[in-house]
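The values are calculated or read from the model by the stated rules, or taken from the named source; none is laboratory data. Here the structure is a predicted model, which is why all the values come from computation and not from measurement. Counting neighbours? That spans all protein chains shown, and the Cβs are built from the backbone with ideal geometry, glycine included. SASA here: full protein model, heavy atoms, side chains in, ligands and nucleic acids out. Shrake-Rupley method; radii C 1.70, N 1.55, O 1.52, S 1.80 Å.
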Amino acid sequence: SQQGEEDPQALSIQEGENATMNCSYKTSINNLQWYRQNSGRGLVHLILIRSNEREKHSGRLRVTLDTSKKSSSLLITASRAADTASYFCATDMYSGGGADGLTFGKGTHLIIQP
Amino acid sequence: GAGVSQSPRYKVAKRGQDVALRCDPISGHVSLFWYQQALGQGPEFLTYFQNEAQLDKSGLPSDRFFAERPEGSVSTLKIQRTQQEDSAVYLCASSSRLAGGLGELFFGEGSRLTVL
């Protein structure tokens, strides 16, 4: 089963615009991560935010986390054509009862129009 | 190489055939995961190894799926008597950390299995 739900499922914007993707999850987490996947490739880690953090930046990426609403957002500023990819949020929910690693959402497919 | 390596990248099997997918994680990484990714979906957890021990196999969809990591490095995911619903990309990921304190997972490029 998939813990996270990304919104929107697909997003198409013009190069230079900002792209915002949202993720909601259901249970308590240790941390939340965002990954990127280019078509036909593996996933690449972008950023990790811990449950006691509210905002984190990395280059053109900004991630927020609201544990009270069980939601996170990923903002990509000044988008580029090379940002075209699928973006997944993943939660680490390990509580000692199992070891199912990260649980991924269904992803947001982002298309940047040149 | 420095990354996670998976082989084969592409596998076409006839229904009923057995397949074996290989994962070579980053050297020294204790945690190894297998995920299954259907077209247009996110990765779904299959199984987790801590070194050579398979600590969680709750995601394996049936007893036709079997995974091993006998020496705590290379892992093999075996699917017996393949069915069409097994068609997917199988992703391997490794981490230097243990489940319970996972940081970043490093993924391979995946093995795309098509069952005819």
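Note on the stretch A:89-105: among residues that are outside any strand (DSSP E or B) and crowded, with 18+ Cβ neighbours inside 10 Å, the one that is modelled with the highest pLDDT is A:105.
Listed here are the residues, each with its yes/no results for (1) within 19 Å of residue B:4 (Cα to Cα); (2) facing another protein chain (nearest Cβ under 10 Å); (3) open to solvent by less than 20 Å² (accessible area, probe 1.4 Å).
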position	(1), (2), (3)
B:35	yes, yes, yes
B:61	no, no, no
B:65	no, no, yes
B:80	no, no, no
B:91	yes, yes, yes
B:102	yes, yes, yes
B:106	yes, yes, no
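Can you tell me how many residues within the stretch B:37-55 are open to solvent by 10 Å² or more (accessible area, probe 1.4 Å), more than 13 Å from the chain's Cα centre (by Cα) and within 7 Å of another protein chain (Cβ to nearest Cβ)? Adding up the residues that qualify gives 2. If the condition is being of a type in the set (Gly, Ala, Ser) and either open to solvent by 30 Å² or more (accessible area, probe 1.4 Å) or in a strand (DSSP E or B) (or both), then the stretch A:68-88 contributes A:68, A:71, A:72, A:73, A:78, A:81, A:82, A:85, A:86.
When the residues of the stretch A:30-67 are filtered to those that are closer than 18 Å to residue A:82 by Cβ, of a type in the set (Lys, Arg) and not in a strand (DSSP E or B), the one that is least open to solvent (accessible area, probe 1.4 Å) is A:60. If the condition is being within 14 Å of chain B (Cβ to nearest Cβ) and open to solvent by less than 60 Å² (accessible area, probe 1.4 Å), then the stretch A:9-29 contributes A:21, A:23, A:24, A:25, A:29.
Might you let me know whether the stretch A:7-20 holds any residue that is over 16 Å from residue A:89 (Cβ atoms), more than 13 Å from the chain's Cα centre (by Cα) and without any contact (Cβ under 8 Å) to a residue 40 or more places away in the chain? Within the stretch A:7-20, not a single residue is over 16 Å from residue A:89 (Cβ atoms), more than 13 Å from the chain's Cα centre (by Cα) and without any contact (Cβ under 8 Å) to a residue 40 or more places away in the chain.
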